[in-house]
Amino acid sequence: MIKLLSFGDHVEKGIYSVHSRFEKVINFYSGNAFVFVVNSAIGAGPFNIVVDDGNFDRIKNLTISDDHFLLNDEAVFFDASKKYNSELKITDFDDSKFKSNLRHFEKALIENSSDRSLTFLFDEKRKKNFKSSFEIELVGRFEKAVECFASARYSDGVKQIKGVGFGLTPSGDDFISGFLIALNFLHKKDKVDYSNLIAHIYEAAKGNNLFTNAFLLAAKNGYLFEKFKNIIHSILYSGKNEILENTRTLISFGDTSGADQSVGFLFGIKRNFNDGNWHSEKGRIF
Amino acid sequence: MMVTGILKRGEYFDSVSLMLIAKKISEIEIVLDSAAVMGTPENKSILQSSGLLTTEIQNAGDMDLMIAFKCNSQKESEIISQNINDFLKKSAESEKSSAEINPSSIESACALLPGANLAMISVAGKYAGDEAMKALRSNLNVMLFSDNVSVEKEIELKKFAMEKELFVMGPDCGTAIINGVPLAFANVVNRGTIGIVAASGTGLQEVSCLISNSGSGISQAIGTGGRDVKKEVGGIMFLQGIKALAEDKNTDVILLVSKPPADEVICKIIELVKEIDKPVVGVFLNASVELLNESKINCEKTLEEGAMLAAAFAQQKNVDDVLKKLRERELDLKNIAEKESTKLNEEQKYLRALFSGGTFCDETQMFFQKMSQEVFSNTPVGKVKKLKNNWQSEKHTIIDLGDDEFTVGKPHPMIDYSTRTKRILAEANDSETAVILLDIVLGYGSNMNPLVEIIPVLKEVKKITSSQKRYLPVICSVTGTDKDPQSRSTVVAALEAENVLVMKSNAAASKLTKFIIEEKR
């Protein structure tokens, strides 16, 4: 019997087919809509259905109705108490602590992420991990992209990196979705309207990869996956240890995806603090 | 030179798998350059600029896997392509086979294997306790590999296990050998008459290998998890393990290994051992000797001494002779140290010890307690000070790279050498480094090909130091046996070929290091 642990607030009705499957995740699609059936190690998200059944191989079909979903013809009813709210709410927080927490986040990312993540944008020494000609070219693209982003040439920046890199959601797309999350966050935090910029970047970034598009759309609309929401909460309201723990949890997703999205997020936040002054003496972006 | 492209339509991989595939391809010696990425137009454009885009892959779609590589000839291309297809096939087969035998719960696992009497649990800490309880309720002994289980849960599990006369090895139990079967990180050792109870994973590996390499063998090796011997848990399973070995007809000698237990636990151990007729040897690293001096336990300071003493009891040798031989070896170590120290320059003063085994980090610190110069560690013991920044060495530095800070998002350093290899190069570049001390732990669970990781780094160290006109000794202990899949003697020979001073044990390696540092002073 399948036990429902949580379901996302943007899971749409429909008859879904398997797009791809991994050990802890089955990606289903119906038209342009995606639903991810995951286990608790992946956690909640706007399009996630989290179940406790470890045997994902058996799951072949998914149909979602108003009040229940069918997984392999087994009906599981949506329990409102298990609905995951992907929206970020910001209440009072200490701005100086927030800034110092960003430093902790940056440090945790650099020290804990995989060799081939985009953290080389914060720590130039990590570039040496990129050895093949493909990887060296990839580094060059990202360096050009951040120059473009820093000088507000967003479309040019997106062009440099969209679809570029490793994995089913390439590193460049992860970076862009992190950047969009940052803009949405700043929109809420500073009450500055970034909606035009967000729409502009999203339009430039979306492409033929339906899977990546689903993540970009979530980022554009400010729908956050649980692990990312946790890291933002810890930056706003907690301290070093919780940031470290949440960073480690976040970057354990994929080899580089969590870290790459975090780099995009941090870049987006810091760029707005230090507009026009993003290259420090030691070759770090900020 | 030729470029080959392989297109795998609809074969998407998460980035972990993709990186692994890319790494394996790049490690093939005859591959000059390579990439393994999804077929997005942008990735194709990078392949184009890198000279890796071929007609075979130029029509790849976003959901297709592109593999491209450069090599010298058509024949090489065929060999590499075959290798790549084998990687992909193996990867797919392992997913399939694991899926076929992958039960979804403890209950369904028991149904698949009705005779099972032990469950190995390795899931996220917050779920591990509940899974362990389910296993105990199903009358299974538990090896709880997971960490981050609360101490309250650990106590609850262990008390429940006691009622059912079952074992809970762990949480955070990395190694055990039960009825000759190595579990998790463990070595292939001789079977014999020495039973081990250990609250220290690497400690258990070291003593079991030293015993096996000396010609003796292990009856059972029970891990308890490090926290078992602390005050809160009260040594529940450590004591249970001693009782079990005392009653085991195949065990003649009992060897206890632990970082310092709480005084209350030591007292309980001493009381329990009073009732046991078999010889009991104890290695309680860095523990106060006052309580133990009057006990029936034969206490030794180092893992090596403990292992050799237990082996002497098992082989009915004169134990004093064995210990005397170990002490005499110190003269040899001092001679080596004298020669090594003369090769160092004035600036070279400090030890840099980079361990993958946490117990080795503790054991080495024991040798450096009395050093007048400051000694630092990320996991300090006794007088050793805490490093301000664990990523940056300070004076004498002794690091446990298996500690949480170094392992997030990465496998344990016994498997993934990348953090350590970077740190070795950083220490080699430091003109104050006098000795680099390392451990290499072999066996199941560890890196299957450590030489591929470590030898290039050792060559790089030589390059760095000779360009700076310095000599830098690298000292290493290798924990393992020739029956391990990696074969200890093969690893030792390769290290010695790179002029590494390979020692039989971590204790010997630490002593040699200490003598060199002392000679320098």
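The values are calculated or read from the model by the stated rules, or taken from the named source; none is laboratory data. What you see is a predicted model, and the numbers here were worked out from it, not measured in a lab. Here the Cβ positions follow ideal geometry from the backbone for every residue, glycine too, while neighbour counts run over all protein chains shown. Areas reflect the complete protein model, heavy atoms only, side chains present, ligands, DNA and RNA absent. Shrake-Rupley method; radii C 1.70, N 1.55, O 1.52, S 1.80 Å.
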Around A:Glu74, which amide H atoms from residues at least 5 apart in sequence, or from another chain, sit under 5 Å from its own amide H, with H modelled in the peptide plane? none
Taking protein heavy atoms only, a 1.4 Å probe, and rounding to whole percent, the accessible area of the stretch B:457-521 owed to carbon and sulfur comes out at 49
Are any of the pairs A:Lys128/A:Lys188; A:Lys227/B:Lys386; B:Lys395/B:Lys511; A:Lys3/A:Lys206 more than 26 Å apart by Cα-Cα distance, and if so, which? A:Lys128/A:Lys188; A:Lys227/B:Lys386; A:Lys3/A:Lys206
Can you give the average number of partner chain beta-carbon atoms within 10 Å of each beta-carbon in peptide A:156-165, as a whole number? 3
Among B:Gln316, B:Leu285, B:Cys267, flag the residue with its Cα farthest along the positive direction of the charge dipole of the stretch B:266-322, charges on Cβ as +1 for Lys/Arg and -1 for Asp/Glu. B:Cys267
Lys, Arg +1 and Asp, Glu -1 on Cβ, resulting dipole of chain A about Cα centre, debye, nearest 20: 700
Counting only heavy atoms of protein chains, what accessible area per residue, in Å², does chain A have with a probe of 1.4 Å? 41
Once you keep just the Cα pairs under 8 angstrom separated by 6 or more residues, what percentage relative contact order results for chain A? 20
If you count, for each residue, the other Cβ atoms within 10 Å and average over each peptide, how do A:137-149, A:233-245, B:452-464, A:78-90 line up from highest to lowest? A:137-149, A:233-245, B:452-464, A:78-90
Partner shielding of A:125-136, as the mean number of partner chain Cβ atoms within 10 Å, equals 5
Residue-by-residue Karplus 3J(HN,Hα) for the stretch B:290-307, coefficients 6.51, -1.76, 1.60, Hz, glycine and proline x: 4, 5, 7, 4, 8, 8, 7, 7, 7, 8, 10, 7, 10, 4, 5, 4, x, 5
Under a crude label model (7 Å from the Cα following the beta-carbon direction), how far is A:Asp190 from B:Asp248 in nanometres? 6.5
Go through A:Lys125/B:Lys8; A:Lys97/B:Lys388; B:Lys159/B:Lys301; B:Lys158/B:Lys243 and tell me which ones have a Cα-Cα distance over 24 Å in this structure. A:Lys125/B:Lys8; B:Lys159/B:Lys301
Give, as ranges by residue number, the residues of the stretch B:20-56 whose backbone N falls under 14 Å from the point 7 Å along Cα→Cβ of B:Ser81. B:54-56
Cross-link list A:Lys131/B:Lys24; B:Lys469/B:Lys514; B:Lys153/B:Lys296: which exceed 22 angstrom alpha carbon to alpha carbon? B:Lys469/B:Lys514; B:Lys153/B:Lys296
Quick one: net charge of B:Ile454's neighbours, Cβ under 12 Å, K/R +1, D/E -1? -2
Any aspartates and glutamates whose Cα falls less than 12 Å from that of B:Lys278, other than same-chain ones fewer than 8 residues away, would be B:Glu247, B:Asp248, B:Asp252
For Cα pairs less than 8 Å apart in space and 6+ apart in sequence, what is the mean separation divided by the residue count of the stretch B:268-327, i.e. the relative contact order in percent? 29
The stretch B:253-294 scanned against label point 7 Å out from B:Lys231 along Cα→C-beta; backbone N under 16 Å for B:260-268, B:288
Could you let me know the centre-to-centre spacing of the stretch B:214-258 and the stretch B:329-401, using Cα atoms, in angstrom? 30
Cα-derived Rg to Rh of chain B, Kirkwood definition: 1.01
Determine the distance separating the Cα centre of the stretch B:122-142 from the Cα centre of the stretch B:455-470; give it in Å without decimals. 48
Roughly to the nearest percent, how much of the accessible area of chain A is carbon and sulfur, given a 1.4 Å probe? 48
May I ask which residue of B:Leu210, B:Phe167, B:Ala221 lies farthest towards the positive end of the charge dipole of the stretch B:149-236, with charges of +1 (Lys, Arg) and -1 (Asp, Glu) on Cβ and the Cα centre as origin? B:Leu210
Estimated vicinal HN-Hα couplings, Hz - the stretch B:156-163 in sequence order (Karplus 6.51, -1.76, 1.60; Gly, Pro = x): 4, 4, 5, 5, 5, 4, 4, 4
Please list 3J(HN,Hα) in residue order for the stretch B:441-450, calculated via the Karplus relation 6.51 cos²θ - 1.76 cosθ + 1.60 where θ = phi - 60°; whole Hz, with x for glycine and proline. 10, 9, x, 5, x, 7, 4, 6, 9, x
What's the total accessible area buried between chains A and B, using a 1.4 Å probe, rounded to the nearest 100 Å²? 3200
Using the Cα centre as the reference, give the magnitude of the dipole from point charges on the C-beta atoms of the protein assembly as shown (Lys, Arg: +1; Asp, Glu: -1; all else neutral), rounded to the nearest 20 debye. 1420
Quick one: Debye curve from the C-alpha atoms of the protein assembly as shown, no solvent, what's log10 I(q)/I(0) at q = 0.06, 0.08, 0.09 Å⁻¹? -0.43, -0.77, -0.97
As I understand it, the dipole of the stretch B:400-449 uses +1 on the Cβ of Lys and Arg and -1 on the Cβ of Asp and Glu, about the Cα centre. Which of B:Leu437, B:Asn449, B:Pro413 lies farthest toward its positive end? B:Asn449
Calculate, for the stretch B:218-317, the solvent-accessible area per residue in square angstrom, rolling a 1.4 angstrom probe over the heavy atoms of the protein chains. 41
Sorted on mean Cβ neighbours within 10 Å (highest first), peptides B:422-431, A:261-270 come out as A:261-270, B:422-431
I need to check one value: relative contact order of chain B, counting alpha carbon pairs closer than 8 Å and at least 6 residues apart, in percent. 10
Where the only charges are on Cβ atoms (+1 Lys, Arg; -1 Asp, Glu), what is the dipole of chain B about its Cα centre, to the nearest 20 debye? 840
Run lengths n ≥ 4 of DSSP H only: what is the helix-derived mean residue ellipticity at 222 nm for the protein assembly as shown, with -39500 (n - 2.57) per run over all residues, to the nearest 500? -14000 deg cm²/dmol
Using a 10 Å cut-off around each Cβ of peptide B:46-54, what is the average number of partner chain Cβ atoms that fall inside? 4
In square nanometres and to one decimal, what's the mean projected area of the convex hull around the Cα atoms of the stretch B:158-271? 6.5
Ordering of B:130-139, A:190-199, B:347-356, A:67-76 by burial proxy (mean other Cβ atoms within 10 Å per residue, highest first): B:347-356, B:130-139, A:67-76, A:190-199
Taking amide H positions as placed in the peptide plane 1.01 Å from N, state which residues far from B:Asn447 in sequence (5 or more) or on other chains have amide H under 5 Å from it. B:Ile415
Can you list residues whose amide H is under 5 Å from A:Tyr84's amide H, if they're 5+ apart or on another chain and H is modeled 1.01 Å from N? A:Phe7, A:Gly8, A:Asp9
